[in-house]
Each structure stands twice: as structure tokens, then as C-alpha cells.
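Asker: Have a look at the structure that comes next, please.
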Amino acid sequence: MPVKYIPYVPNTVEGQAVLDNISRTQRVLRYRDNDKVISKIMRGMPYYEMEKQEQVGEESENLVIRGECLSACAYLKEQGIKVDLVYIDPPFASGADYAKTVNIRRDPKLAEKIKKAEEELEIDELKAFEETMYGDIWQKEDYLNWMHENLMAIKSIMSETASIYVHLDTKIGHYVKILLDEVFGEEKFINEIIWYYNDKFATGGNSMDKNHDNIFLYSKEQDYVFHPIIIPKDKTTTRALRKKVDGKTVNVLDENGNKIYEQYSEKKEDDVWQIGRTISKNEYLSYSTQKPEKLLSRIIKASSNKEMTVVDFFGGSGVTAKVAHDLGRKFIHVDIGINSIQTTRDRLVEVGASFQILEIKDGVSLFRNPQQTMDKLAKLIPGLQQKVPGVGKFWFGALQDSKLGTVPVYVPNLIDGSEKVLDVPAVNRIINEELQNLEINAQKAIVYYVDVDDHKSLEKFIKDNNATQTTIELKDLKEILHAIVVEDEIETKSIKTKEGFEVEITKFVSDRLNQKINDFNEKGNLQAINKGKKFSPITISEEGLELIEYLSLDCENAEGVWSSSSEIKIDKLGYISVNGQKTKDFWNGKISADKKPLRLKIRNISGDETVKVFE
Ligand SMILES: C[S@@+](CC[C@H](N)C(=O)[O-])C[C@H]1O[C@@H](n2cnc3c(N)ncnc32)[C@H](O)[C@@H]1O
């Protein structure tokens with residue numbers, strides 16, 4: 001359970017046009033008489049405990065937080081932290097699953113040998129498979145409810161002169177603008193920025209190419225920080241010099257009464273920004289939906305001053321945090337996915353930033369991110385089948401029981417934080433709507449929960465209100481979620497050298513990755529057979545070192561907050577960065593430190609981390 005709920009203050013602005021088909025932060029309880037709202041429950045933001053995971057560099061106010069936007073806002077509010085500029089690029093309800101390409105690294109033993117052969121290879125031909133990072137498939141109403149809740153939470157931690165940039169696309173932008181008017185007030189709307197990119201492949205078809213995103217800019221109050229954006233003009237122009245006298249604009253004249261002409265090679269940027277979408281090679285981090293630094297640089301320069309705090313609650317590749325750091329601002333990066341936290345961490349280490357990594361302890365042990373956890377859950381509930389005839393989409397699937405027949409199973413959608421707590425409105429929907437919508441006769445249904453508002457009153461509510469013959473069994477999802485995270489196996493050999501200490505990784509076994517690679521090979525093989533082609537499967541050496549992306553030694557603590565004394569990151573071409581410094585070397589399977597290492601952390605190429613504590 002959250003430690004407590006923190007109210008969203010201030011309330012939404014009165015008198016705005018509102019969307020009528022969403023319930024907003026209120027959990028509407030309708031039952032018996034389906035049109036009558038019996039009670040509305042207004043929860044606040046769920047405040048969970050926060051655990052410090054790692055300290056990078058000096059103590060500072062910069063934060064990288066793994067968790068949901070909503071809980072991060074609750075934490076900031078509880079800590080009394082206010083932010084001066086918000087940029088968010090939330091999922092767009094685009095109907096897509098975003099995936100990260102995972103590249104197998106070089107086997108250190110063969111590195112030099114294969115270097116030559118690979119020099120002629122295209123990057124695409126490197127051995128790769130994909131990992132889903134997050135799903136962006138929503139019902140529009142659910143999305144808008146979720147968005148409304150997030151906007152309310154964000155507003156509550158904005159400083160008096162803060163502004164917010166909300167980055168959306170043409171499919172959802174107009175809906176969210178109405179929410180923004182409602183939450184911030186129409187008079188706080190400053191600009192709709194059209195980010196125009198004409199470097200996208202033409203898609204053709206019978207419509208015009210969609211080559212822009214919409215970014216809405218709102219302020220918290222009437223006064224806000226703003227600096228005009230000055231850009232070079234295409235052509236230098238000559239204009240008479242003018243000045244204001246008693247409120248009127250007049251020409252400035254020289255001593256002979258002649259106009260003075262000036263050349264202008266710069267101008268103030270308007271609200272259409274032409275910036276390429278393609279991320280340059282030295283910026284690109286294989287994070288789908290990664291935005292260019294140039295875009296964030298404009299936003300941060302226009303709407304913040306040095307030392308101010310810039311936050312991105314859907315931080316992804318960490319572009320906002322990185323650019324904020326470069327421009328001398330403080331940063332807060334929030335994201336729900338482990339890949340985002342790792343990508344951002346490494347990106348910030350490279351530029352020498354100091355920050356702490358925090359994790360929101362909401363009781364859910366995620367397998368990398370909510371989407372992959374949901375995918376994995378389907379396999380972890382014994383006997384669960386999905387898409388069972390007669391059992392609609394609301395249900396996660398069903399079990400077949402020899403005595404009871406088909407048993408529908410409900411699992412909260414971990415992608416939508418509001419579903420985590422099972423409360424009376426949620427149970428009411430199950431017993432009074434969804435059980436009745438079933439096209440099968442269910443004797444029993446299983447309802448999984450992450451948190452329960454009040455167990456006893458929930459059981460009583462079910463007893464008193466269940467008009468069906470179906471028995472409801474409540475089950476704790478956390479028991480399954482705990483089993484979801486299985487560690488990789490690390491074997492090492494440590495030696496004391498003249499310079500300090502050296503740890504050699506002699507073997508690395510990852511069942512999670514092996515499974516994934518086997519699936520990939522099976523699929524590839526099948527496809528190849530169907531197309532009459534040859535398929536060369538991915539094979540992993542006995543030592544398995546090519547499955548490692550990053551290693552770090554902690555010589556300070558054997559438990560608790562991680563402090564990286566020495567680290568190596570292996571890029572997809574096999575080159576290593578040592579303590580954030582890029583090199584042209586390949587990894588030799590070892591890592592060294594000045595002091596005696598107390599523990600070793602290894603991150604595999606899909607982002608799973610395993611820690612080995614030395615005796
Ligand atoms: C469109 S991407 C952001 C990309 C980012 N602007 C960049 O340039 O890399 C959206 C991000 O939101 C994250 N996300 C999705 N739901 C979230 C939530 N409830 N709280 C925090 N982050 C979330 C996803 O993991 C994903 O990284």
C-alpha cells in the first residue's frame with residue numbers, strides 16, 4: 001500500500017470547457033442503478049517509500065528516479081521540492097509497442113580476430129534481437145484519465161514562475177490541450193509549438209505526410225521565466241533603426257536628420273521550429289522515441305535560468321537531464337523503465353554529472369518495465385490461457401479447471417498505475433459489469449491485486465453485492481511478481497596486481513537471455529524455412545561474456561547504496577568506456593580497481609542487473 005495519499009492541490013480551474021467522458025482523478029462508483037453515481041472517491045497521489053540505489057559523484061540535488069510520474073510527484077511534494085521547468089514527452093497512446101534493439105557484444109577472446117572481418121559489416125548485420133521497452137496501447141478514455149491525473153500531480157510541484165512543455169502528436173494533442181486548459185487555465189496557455197521535421201521518410205498514400213509534433217507550453221501563474229529564442233536569419237536584411245518614445249515607435253535619426261539603417265542577421269524564433277528528427281551518431285542511444293538535444297536545448301534556454309531545476313517525468317533516454325546539466329541547470333529525471341534509468345545514468349556519467357539514483361518502492365518487482373512484466377506474467381500464472389472464447393478483453397485470461405470449468409482471471413494493468421490498488425469501485429466493476437458480460441458460465445473468478453484498499457470491507461462488499469453465482473477469489477500478485485526476477489550467474493577470479501586489484505569474469509550465464517535467444521533462433525529458423533533461405537542462429541560462447549553490457553566494482557560498501565569505484569561499459573560495436581571515458585579498446589574480460597573490491601555489478605545486454613558480493 002502507499003504510505004499515504006497526498007492531495008493534489010490546487011484543484012482544477014473552474015469554468016473551463018471539459019471533456020465529459022472521463023472520470024479524472026475520481027474513482028466513480030456506480031452500482032445497482034447503473035446511471036447513478038453513488039460515491040466519488042478522490043484519491044491523492046500515492047506516496048511510497050523511496051530507496052536510494054546509487055550515488056554518482058558528489059552529493060547533489062540532481063535526481064534520477066525509477067518509478068511512475070505520479071508517485072515521483074508525491075515524493076517531491078512530500079520533500080518540499082519545487083521545480084522550475086517541466087518537459088514531458090509521455091506515451092502518445094500511439095497504439096505501438098516500443099522496442100529496443102539488443103546487440104550481442106563481442107566475445108572478448110575473439111575480439112581482435114573478428115574486428116577485421118566486421119569492419120566491412122553494416123551495424124544492422126550485427127547480431128541483434130529486440131526487447132519491448134514500453135507499450136503505448138490505450139483506450140482513449142483511460143489514457144485521458146491517466147493524463148489528467150499526471151497533469152494535476154505535476155502542477156502541484158511546479159514553482160510559481162514555472163512553465164510546462166507537453167510534447168504530443170496530432171492524434172492526441174487536441175484532447176490533451178483541453179485537459180491542460182482545465183488543469184492550468186486557458187489564460188496560462190502560452191504557445192503551441194509545432195516541431196516540424198522534414199527529414200522523415202515520405203510515407204506516401206492518399207494523405208499528406210505527417211511531419212510535425214505538437215508541443216503545448218503553459219505557465220503555472222501569469223508571471224513566468226521566458227527568454228526569446230534568437231536564431232540566424234536565412235538572409236541578412238537591412239532595416240531602419242527604431243525606438244520607443246512615449247509609447248510610440250519612431251525612427252532613430254542621425255545628426256543630419258537621416259534614418260539610421262542596421263543589418264539584421266538574427267531574428268526571434270516563432271512557434272514553428274524546424275529541427276531534424278534524426279539523432280546524430282554521437283547522440284544516438286538506441287532508445288526509440290529519443291528526442292534531439294537541440295530541441296531540449298531551445299526549451300531549457302527559453303524557459304529557465306541557470307541553477308533552476310528542470311524535470312522530465314517521462315525521461316526516456318535522459319535527453320532533458322543531459323541538456324539541463326550541460327546548460328548549468330539542476331535536473332530530475334523520472335521514468336518507469338529500467339532501460340531508461342540505465343541509459344540516462346550512463347549518459348550522465350559520460351558528461352561528469354553528479355546525481356543520486358532513487359527507486360520508488362511500490363511493492364511491484366518489475367521485470368524491466370511494466371510492459372515486459374505483463375508479457376511475462378502471462379507465462380507465470382500456471383495454466384493461464386489468453387484470448388479464451390467467451391472471456392472478453394477486460395480479463396487477462398482464464399484457467400481450465402476439471403471441476404469448475406473456465407475460470408476467468410483478472411490482473412491489474414501495471415502500465416496504468418491507478419489499477420494497482422484494488423478498491424470498491426474496481427471490484428464493483430468486476431461483479432456488476434464484467435462477470436455479467438462473460439459469455440460463459442463462470443463458477444469462479446480469480447482477481448489478482450497488487451494492493452488492497454481495505455481487505456475486510458472489500459470481502460464484505462463482494463458478499464453483499466455479488467448478484468452472480470460466481471465465487472470471487474482474491475490473490476496477491478506480488479507473490480508471482482517476486483518470482484519474476486531471477487538473477488544471472490557470475491563466476492570470477494580475483495587477483496592482486498601491482499597497481500591494485502583485478503577481477504576476471506570467467507563465466508556469465510543468463511537464463512533470461514538464453515531463453516530469449518532460443519526463441520529468436522526458433523522464429524528466425526521457421527521464417528527462413530518458409531522463405532527457402534538460410535538462417536544463421538545466434539550462438540553464445542561457453543563463457544557467455546558477450547552478453548555483458550556493463551560492469552561496476554564497488555570498493556566502498558558491501559551492501560546498500562551502490563558507489564561505483566570503477567566501471568566499464570561495452571558499446572554495441574564492442575568498444576569500451578572506462579569510468580565514462582570512451583576508448584578505442586575492446587573489453588578483455590577484466591575490470592580493475594585501486595582498492596579491494598567488495599562487490600561486482602553486471603548488467604546484461606537486456607538491462608538485467610546482478611550483484612556478486614565478494615567473500
Ligand atoms: C516517448 S518516451 C520519452 C522519450 C524521451 N523524451 C527521450 O527523448 O528519450 C516515454 C517514456 O515514458 C516512460 N513512461 C511510461 N509510463 C510512465 C509513467 N507512468 N511514469 C514515468 N514514465 C513512464 C516510458 O518508459 C518511456 O521511456
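The values are calculated or read from the model by the stated rules, or taken from the named source; none is laboratory data. Keep in mind that what you see is a predicted model, and the values were worked out from it rather than measured. All Cβ positions, even for glycine, are placed from backbone atoms using ideal geometry, and neighbour counts span all protein chains on display. SASA here: full protein model, heavy atoms, side chains in, ligands and nucleic acids out. Shrake-Rupley method; radii C 1.70, N 1.55, O 1.52, S 1.80 Å.
Conditions tested, residue by residue: (1) over 21 Å from the mean Cα position of the chain (by Cα); (2) away from the ligand (no atom under 12 Å from the Cβ).
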residue	(1), (2)
48	no, yes
53	no, yes
57	yes, yes
62	no, yes
65	no, no
69	no, no
72	no, no
77	no, yes
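Asker: Residue pairs, Cβ under 7 Å, 6 or more apart or interchain, first in segment 281-296 and under 16 Å from residue 90 (Cα atoms), second part of a loop (DSSP other than H, G, I, E, B) and within 8 Å of the ligand (Cβ to nearest atom). List them.
Answerer: 287/316; 287/317; 289/316; 290/316; 290/317; 291/89
Asker: Taking residue 303 and the conditions (1) near the ligand (Cβ under 8 Å from one of its atoms); (2) more than 19 Å from residue 369 (Cβ to Cβ), which numbered condition does it fall short on, given that it satisfies the others?
Answerer: For residue 303, the exception is condition (1).
Asker: Hey, does segment 461-477 have a residue that's within 21 Å of residue 372 (Cβ to Cβ) and outside the structural domain of residue 556 (by TED's automatic domain parsing)?
Answerer: Yes, segment 461-477 contains a residue that is within 21 Å of residue 372 (Cβ to Cβ) and outside the structural domain of residue 556 (by TED's automatic domain parsing).
Asker: I need a count of the residues in segment 453-467 that are closer than 18 Å to residue 434 by Cβ and crowded, with 16+ Cβ neighbours inside 10 Å.
Answerer: Total meeting the criteria: 4.
Asker: Oh, and also: Whether any residue in segment 407-425 is open to solvent by less than 50 Å² (accessible area, probe 1.4 Å), hydroxyl-bearing (Ser, Thr, Tyr) and not in a helix (DSSP H, G or I) is what I want to check.
Answerer: yes
Asker: Residues of segment 576-591 being buried (at least 17 other Cβ atoms within 10 Å of the Cβ) and either over 20 Å from residue 610 (Cβ atoms) or under 24 Å from the mean Cα position of the chain (by Cα) (or both), which ones?
Answerer: Once the filter is applied, which keeps residues that are buried (at least 17 other Cβ atoms within 10 Å of the Cβ) and either over 20 Å from residue 610 (Cβ atoms) or under 24 Å from the mean Cα position of the chain (by Cα) (or both), segment 576-591 yields 577, 580, 586.
Asker: Restricting attention to segment 468-517, and to residues there that are open to solvent by 80 Å² or more (accessible area, probe 1.4 Å) and assigned to a helix (DSSP H, G or I), which single residue is modelled with the lowest pLDDT?
Answerer: Only one residue tops the list, namely 482.
Asker: Please give the number of the condition residue 90 fails out of (1) open to solvent by 30 Å² or more (accessible area, probe 1.4 Å); (2) part of a loop (DSSP other than H, G, I, E, B); (3) at pLDDT 90 or above.
Answerer: For residue 90, the exception is condition (1).
Asker: Here is a further query. Across segment 592-614, which residue is surrounded by the most Cβ atoms within 10 Å (Cβ to Cβ) among those that are touching a Gly at 6+ places or on another chain (Cβ under 7 Å) and assigned to a strand (DSSP E or B)?
Answerer: 593
Asker: Considering only residues that are buried (at least 21 other Cβ atoms within 10 Å of the Cβ) and among the basic types (Lys, Arg), which ones fall in segment 352-386?
Answerer: Correct list: 368 only.
Asker: Looking at segment 387-398, which of the residues that are in a loop (DSSP other than H, G, I, E, B) and open to solvent by less than 60 Å² (accessible area, probe 1.4 Å) is nearest to the ligand (Cβ to nearest atom)?
Answerer: That would be 396.
Asker: Has segment 518-539 got any residue that is in a strand (DSSP E or B) and basic (Lys, Arg)?
Answerer: No, there is no match, as no residue in segment 518-539 is in a strand (DSSP E or B) and basic (Lys, Arg).
Asker: What's the number of the only condition in (1) at pLDDT 95 or above; (2) open to solvent by less than 80 Å² (accessible area, probe 1.4 Å); (3) out of contact with any Phe, Trp or Tyr (no Cβ under 8 Å at 6 or more places or on another chain) that residue 219 fails to meet?
Answerer: (3)
Asker: Quick check: anything in segment 427-446 closer than 30 Å to residue 511 by Cβ, modelled with pLDDT of 85 or more and not assigned by TED's automatic domain parsing to the domain that holds residue 335?
Answerer: Taking every residue of segment 427-446 in turn, at least one turns out to be closer than 30 Å to residue 511 by Cβ, modelled with pLDDT of 85 or more and not assigned by TED's automatic domain parsing to the domain that holds residue 335.
Asker: If you take the residues of segment 312-331 that are on the phi < 0 side of the Ramachandran plot and touching a His at 6+ places or on another chain (Cβ under 8 Å), which of them is farthest from the ligand (Cβ to nearest atom)?
Answerer: Ranking the candidates gives 331 first.
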